[in-house]
Amino acid sequence: MQRNLRRVSALSYSRLMQSHQRFATLILLCAAYSEMTVALCVAKPRAQSAENIATLKMQCEQKNYASCFSLGTKYMSGIEVPKDMGQAAKLYQGACDHGYAKACSALGYFYKAGLGVSRDIDHAVVLCRRGCEGGDGMGCAVLASMYEVGEGVPKDMAMAVSFDQRGCDQGTPLSCSELGRMYFYGSGVAKDEERGVKLFQRACDGGASPGCRALGSAYEVGKGVPKDETVAATFFQRACDLNDSKACETLAGIYEHGTGVTKNIPRALELYRRACSLPGEQGCDSVKRLESPNAQQQNRSPSMGVAAAPVEVLSDTEGVDFNSYLRDVYVSVKKHWFANMPPSVEIGQQGANTVEFRILKDGNVPTDSMKIISSGKSDFDAASLEGIKGAAPFKHLPELFSKPFIVLRFSFYYNLPVPQHPH
């Protein structure tokens, strides 16, 4: 077991927080404009089409400003024409001057980021406001981001919420995603995790990968929705399919450790490679780690510091079926155990211990209920205890179960085979 195993569950909540930080790059535009989505989020350029470009140029000259905008986006992305930010800005300027709201928003972002024009935050605010008021939600989204951090305008969370709400109402998935983040954490509004999740869902359904990624993290930790690691994996997959590097990396970790899915190291490596190849280059270190000779040897020898004996129920279940519940407990404890695996496991030290504990009706685990039969190695004992503490609280006990708690026993084996009948 390598010390730097991904701490999938221990970091899942922080990952949820990180998943909706404001973008200060062109990724902002990926959620709104179809051509920009292709340009910025897909590594492979399309084949050139001189006929298509000629048609757009002709239509733009005939004052079809939607065509001017599309042509500008192609110059911005380098799709079908050589990349030319200055030319893109000129085309956006012409379309904006004639009231094409999307072009105003795009040009505003260019001035915000200094792309093809000299950076001018004040002018960016004017242009994005013009785009937003003209009905383009992307202008509202950029304005919201500026009010949230105080860039070019006074910092004002109420204004940020207002512009994201406006952008979401105008059908911009990124605004819905950002608004969801604000409600989920109570940033500028009263905290409402369930409303936040609904907005994440709306954003995800609209094709915004941050919304899908946030939903995955919400299901992974059980915030705003019931905890469900299998469902979490499906949303990380959706975000990864939208070329979200962070989501691909997270999904790779899920497959690497088998949380909510069947453990699959080749699939994990494939996803880490994909994450590394996308903008953001997440997962590159994990590619190197899994491709290392040590990792390949470990993957051929799964008994090396992996798997605890099946969890045992020590108290009366009243005939209630706990199978599904115990499977979830087992997966979660195993994940946190792996996240705290001591370095001594890497050098082959062996040991085993057992931990008995109670799960209360509400899923909490009282610390004073935890009893360990020691392995004689303090680092092994600490890892086993942290596996349980880190996984708690669990889901509520089944409704049909009337008693106030259930008693479980976990057995942990370090570089030892798991006996068929451990007790």
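Taken together, the values in this text are just the output of simple stated rules run on the coordinates, not laboratory data. Quick caveat, the model's predicted, so the values are computed rather than measured. Cβ coordinates were reconstructed from backbone atoms using ideal geometry, including for glycine residues, and neighbour counts include every protein chain displayed.
Miscellaneous remarks
- Contact order normalised by residue count of the stretch 142-193, Cα under 8 Å, 6+ apart, percent: 24 percent
- Shape call, the stretch 33-171: gyration tensor on alpha carbons, a/c limit 1.5: prolate
- The residue list M146, C104, L91 was ranked by how far each Cα lies along the charge dipole of the stretch 33-171 toward its positive end, using unit charges on Cβ atoms, and L91 comes out on top.
- Spatially proximal aspartates and glutamates relative to K155 (Cα-Cα < 17 Å; intrachain offsets below 8 disregarded): D122, D164, E178
- Computed 3J(HN,Hα) for the stretch 179-196, one whole-Hz value per residue from the Karplus formula 6.51 cos²θ - 1.76 cosθ + 1.60 where θ = phi - 60°, is 5, x, 4, 4, 5, 4, 9, x, 9, x, 9, 5, 4, 8, 4, 5, 5, x, glycine and proline marked x.
- Distance (nanometres) between label positions extended 7 Å along Cα→Cβ at E194 and V311: 2.6 nm
- Inter-part distance, the stretch 137-172 to the stretch 89-111, computed on C-alpha centroids, equals 18 Å.
- Of the trypsin sites (Lys or Arg not before Pro) found in the stretch 82-174, the ones in coil according to DSSP and having at most 13 other Cβ atoms within 10 Å of their Cβ are R119, K155.
- Here the contact order of the stretch 33-171, divided by its residue count and restricted to Cα pairs under 8 Å and six or more residues apart, works out to 14 percent.
- The alpha carbon radius of gyration of the stretch 353-421, expressed as a multiple of 2.2 N^0.38 Å, is 1.21.
- Charge dipole (Cα centre; +1 on Lys/Arg Cβ, -1 on Asp/Glu Cβ; no other charges) of the stretch 308-414 amounts to roughly 80 debye.
- Gain on full stretching of the segment that runs from Q350 to C284 - 0.36 nm per residue minus C-alpha separation: 20.6 nm
- For the stretch 376-390, 3J(HN,Hα) per residue [Karplus equation, 6.51 cos²θ - 1.76 cosθ + 1.60, θ = phi - 60°, Hz, x = Gly/Pro]: x, 10, 5, 6, 5, 4, 5, 5, 5, 5, 5, x, 7, 4, x
- Residue-wise HN-Hα coupling along the stretch 266-281, computed from phi with Karplus coefficients 6.51, -1.76, 1.60 (Hz; x: Gly, Pro): x, 5, 4, 5, 4, 6, 4, 5, 5, 4, 5, 7, 8, x, x, 6
- The stretch 58-134 gives an Rg/Rh value of 0.96, both radii derived from C-alpha positions and Rh following Kirkwood.
- Sorting 193-201, 211-219 by average packing, meaning the other beta carbons within 10 Å per residue, from highest down gives 211-219, 193-201.
- Pairs with C-alpha atoms separated by more than 27 Å, drawn from the list K263/K361; K74/K112; K198/K395; K74/K198, are K263/K361; K74/K198.
- Size descriptor, Kirkwood hydrodynamic radius, that averages inverse alpha-carbon separations across the stretch 163-270, Å: 13.7 Å
- Fewest-first ordering of H98, H123 by other beta carbons within 10 Å of each residue's beta carbon gives H98, H123.
- The stretch 308-414: Cα Rg divided by the 2.2 N^0.38 Å rule of thumb: 1.07
- Overall, the anisotropy analysis places the stretch 142-208 in the oblate class: the square-rooted eigenvalues a ≥ b ≥ c of its C-alpha gyration tensor yield a/c not less than 1.5, with a/b not exceeding b/c.
- Extension gain, S277 back to K403 (0.36 nm per residue minus Cα-Cα distance, nm): 40.2 nm
- Taking 0.36 nm per residue of sequence separation and removing the Cα-Cα distance, the R327/E151 pair yields an extension gain of 58.5 nm.
- Our summary gives the stretch 308-414 a relative contact order of 46 percent, counting only alpha carbon pairs under 8 angstrom and 6 or more residues apart.
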